[in-house]
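The values are calculated or read from the model by the stated rules, or taken from the named source; none is laboratory data. These numbers were taken from a predicted model, which means no experiment stands behind them. Cβ coordinates were reconstructed from backbone atoms using ideal geometry, including for glycine residues, and neighbour counts include every protein chain displayed.
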Amino acid sequence: MSLPDMHSAEPIPAAARQEIDRLLTSGDLFRYTAPEGSPVSLLEAEFAELMGSKFALAVSSCSAALFLSLKALDLPRDARVMIPGFTFAAVPSSILHADCLPVLCEVDDNYRVNIDDFVEKLPSVQAVIISHMRGHTSDMDAIMTLCSAASIPVIEDAAHSLGTLWNGRKIGTIGTIGCFSFQSYKMINAGEGGIMITDDADLVARAIIMSGAYEHNWKKHPVLQDAFAKHQNQWPLYNLRMSNLSAAVIRPQLPHLAQRVKDGRYNHDHVAALLDQSPHIDVPSPLHGEVRAPDSIQFNLIDMSDTQVDSFVAAAADAGIKVQVFGASTDNARAFWNWQFIPDLPELPKTRAMLMRACDVRLPVHLPTGTLDAVAEALLSAVDTATTPMKAYGT
Ligand SMILES: *Cc1c(COP(=O)(O)O)cnc(C)c1O
């Protein structure tokens, strides 16, 4: 059976077309032109309501949201900000962009923050960004308890966690600020885009101004207006706004989120159960209290040499499935040793060992069960090829 393009996206709901047509006809693409009710403002209101947050600010990307979050926290220059050693290169980059310094924390075999290393490094940092990498939630109870006791603000990088629950709470609403992405490989696809949510009026007021609400454009945001007045002319304008066109693409997808999350979890768990039967594959379980919203699957190869790992990747590619071993694929942006733009890049032995065996396969939420079975079968047979001496790939 031939496999579909695993990077294919779902069509944008037809409702977007009418709105985009209206915007193209009127030329009203800038979020602050209309006196009220612009698509970006409506998106902010709808997203805040969906998440149960007081405030939302839509911006150009999740990376921009992370950058603005750090700026809005008003950290001093060279403040140290802890992040997991397993995340996307844009995350430490947003910290450098905000004139702060990334501090990398070890990550366990289950892709989640190693709490012992977190405890050890916490006293040396002034803020924390928790990337729930590939939607794997770190232990937010432990992290929030530790950070609250130390009065350290927590930003949740929930770029890939829209729809994930932690003990019934929505991921992105647990820390001081939550940041999400609408880039094409996330649950809601606008090509590019991001949004941040918080319950802190003063913080969001600063972020709104810095995102580019120049002069009195902040009056078009439903935040307590006295939160803004004192900030007038006090903050740089970084112009990271979202366009009305992006908001028009995003808004009609919001009602589909719950179904996508359900389908994504079904797909993931279906493939996970099949793969877990192999003695050479371990799919880490969710943490207790975590209900995931995956659109891809990660698993670790067990008892396999580097050569066997390479053979597995090659055999899977032959079957039409692109598997990335995070640490083995050249210049992977999720392997910390490739973040050579960080001064004094540290070594993280646990995270490195995990990355050398952790595999990444996309599972778009719209794949039918038959295709999921074919994907699992192809991966299992690639393991077979790689681990059976007689069948070793290339011999
Ligand atoms: C995609 C992603 C980002 C970056 O999001 P952009 O919107 O592309 O800037 C950051 N962190 C994580 C965990 C991601 O998955």
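Applying the set (1) within 10 Å of the ligand (Cβ to nearest atom); (2) touching a strand residue (DSSP E or B) at 6+ places or on another chain (Cβ under 7 Å) to S161 leaves exactly one unmet item: (2). Here no helices (runs of 4 or more DSSP H) wholly within segment 207-300 include at least 2 residues being of a type in the set (F, W, Y), buried (at least 18 other Cβ atoms within 10 Å of the Cβ) and without any contact (Cβ under 8 Å) to a residue 12 or more places away in the chain.
Every residue, every condition in (1) within 16 Å of the ligand (Cβ to nearest atom); (2) modelled with pLDDT of 95 or more; (3) within 16 Å of the chain's Cα centre (by Cα), yes or no:
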| position | (1), (2), (3) |
| --- | --- |
| E49 | no, yes, no |
| S63 | yes, yes, yes |
| F67 | yes, yes, yes |
| L70 | yes, yes, no |
| D74 | no, yes, no |
| A79 | no, yes, no |
| G85 | yes, yes, yes |
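All but one of (1) at pLDDT 95 or above; (2) surrounded by fewer than 21 Cβ atoms within 10 Å (Cβ to Cβ); (3) within 28 Å of the chain's Cα centre (by Cα); (4) not in a helix (DSSP H, G or I) hold for D303, so report the exception by its number. Here D303 clears every test but (3). Just one of (1) more than 20 Å from the chain's Cα centre (by Cα); (2) within 30 Å of N167 (Cα to Cα) fails for E290. It is (1). Within segment 116-194, considering only strands (runs of 3 or more DSSP E) that don't extend past its boundaries, which have at least 1 residues that are of a type in the set (G, A, S) and in contact (Cβ under 8 Å) with a residue 24 or more places away in the chain? Fully inside segment 116-194 and qualifying: 127-131, 177-181. When the residues of segment 365-388 are narrowed to those that are outside any helix (DSSP H, G or I) and touching a residue at least 12 places away in the same chain (Cβ under 8 Å), which ends up surrounded by the fewest Cβ atoms within 10 Å (Cβ to Cβ)? Ranking the qualifying residues of segment 365-388, first place goes to H366. D21 falls short on exactly one of the conditions (1) surrounded by 14 or more Cβ atoms within 10 Å (Cβ to Cβ); (2) of a type outside the set (A, V, I, L, M); (3) out of contact with any Lys or Arg (no Cβ under 9 Å at 6 or more places or on another chain); (4) at pLDDT 95 or above, and that condition is (1).
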